[in-house]
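Below: one structure, written as structure tokens.
The values are calculated or read from the model by the stated rules, or taken from the named source; none is laboratory data. Predicted model, so just to flag it, every value in this text is computed and none were measured. Don't worry about glycine lacking a Cβ; one is built from the backbone with ideal geometry, like all the others, and counts go over all protein chains shown. The accessibility values were calculated without ligands, DNA or RNA, using every heavy atom of the protein model including side chains. Shrake-Rupley method; radii C 1.70, N 1.55, O 1.52, S 1.80 Å.
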Amino acid sequence: DVKVTQSSRYLVKRTGEKVFLECVQDMDHENMFWYRQDPGLGLRLIYFSYDVKMKEKGDIPEGYSVSREKKERFSLILESASTNQTSMYLCASRGTSGRPRGNEQFFGPGTRLTVL
Amino acid sequence: EDQVTQSPEALRLQEGESSSLNCSYTVSGLRGLFWYRQDPGKGPEFLFTLYSAGEEKEKERLKATLTKKESFLHITAPKPEDSATYLCAVQAASNFGNEKLTFGTGTRLTIIP
């Protein structure tokens, strides 16, 4: 089974702090993703990475950056946390696309971040 | 712009009462449609992938179907443990190499014993 782990389940930070969210997958997947999930808005893609040191902006990259130095690890960085970044953050990974293996993404347990 | 609309927003069923959840989508060529289950405070758990109209997938009490405009998740004789939020997502063919999924906001299903 694919396992995606996230460094923290719950995190409380203060406005202006630099925040690091870590994600690790154990299936040698090329692709990794960061989403945020808010009530009524669903999951929205922040950034994704299709290879080590490669990154692409998603729909809402403003206020975030990412780092992928190793294939199994994908970090989300909030340079200066703000209250509107309070949310559930979800990491996902996916292997090489192509049927019949499928394109499904596998998610971690999530980090609920509160910015005060 | 790709869009996914799920209905109803919430559904309460008695144990054993079968029903269906709907996922309507608009994409510029469908590469794949995905169903996930999400329990409160947890990450989504993958259920099914559907690729083309007419395709069906089954897993225990769940069955997913796909047409050119929508997908249904049929739940047969549900049990309380089927209570969760069910999410639908699509990947457009134009996003090949982009890997982006567009998610709906989900249907919150409650099964009453």
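For B:G106, the residues whose amide H sits under 5 Å from its own are B:Q6, B:C88, ignoring neighbours fewer than 5 places away on the same chain, with H placed 1.01 Å from N.
Here the convex hull built on the C-alpha positions of chain B has a volume of 92 cubic angstrom per residue. Across the range B:54-71, rounded Karplus estimates of 3J(HN,Hα) from the backbone phi angles (6.51 cos²θ - 1.76 cosθ + 1.60, θ = phi - 60°) give x, 6, 9, 9, 10, 7, 6, 8, 10, 9, 10, 10, 9, 10, 6, 10, 7, 10 Hz, Gly and Pro being marked x. Phi angles across the range A:81-89 convert, under the Karplus curve 6.51 cos²θ - 1.76 cosθ + 1.60 with θ = phi - 60°, into 3J(HN,Hα) values of 4, 10, 4, 6, 9, 5, 5, 9, 10 Hz, Gly and Pro given as x. Ordering A:S65, A:T83, A:V52 by the projection of their Cα atoms onto the charge dipole of the range A:51-97, which places +1 on the Cβ of Lys and Arg and -1 on the Cβ of Asp and Glu, puts A:V52 at the extreme positive end.
Rounded to whole numbers, the Karplus 3J(HN,Hα) couplings from phi for the range B:14-20 are 6, 3, x, 8, 6, 6, 9 Hz, using 6.51 cos²θ - 1.76 cosθ + 1.60 with θ = phi - 60°, and x at Gly and Pro.
Carbon-plus-sulfur accessible fraction, the protein assembly as shown (probe radius 1.4 Å, protein heavy atoms only): 48%. Taking the three principal axes of the alpha carbon atoms in the range B:25-65, the coordinate ranges are 33, 24, 12 Å, sorted in descending order. Both radii were evaluated on the Cα set of the protein assembly as shown; the Rg over Rh quotient, with Rh as the Kirkwood radius, amounts to 0.97. For the range A:1-99, the Kirkwood radius over C-alpha pairs fed into Stokes-Einstein at 10 °C and 1.306 mPa s yields D = 115 µm² per second. Modelled spin labels at B:S52 and A:E17, positioned 7 Å past Cα toward Cβ, are 5.2 nm from each other.
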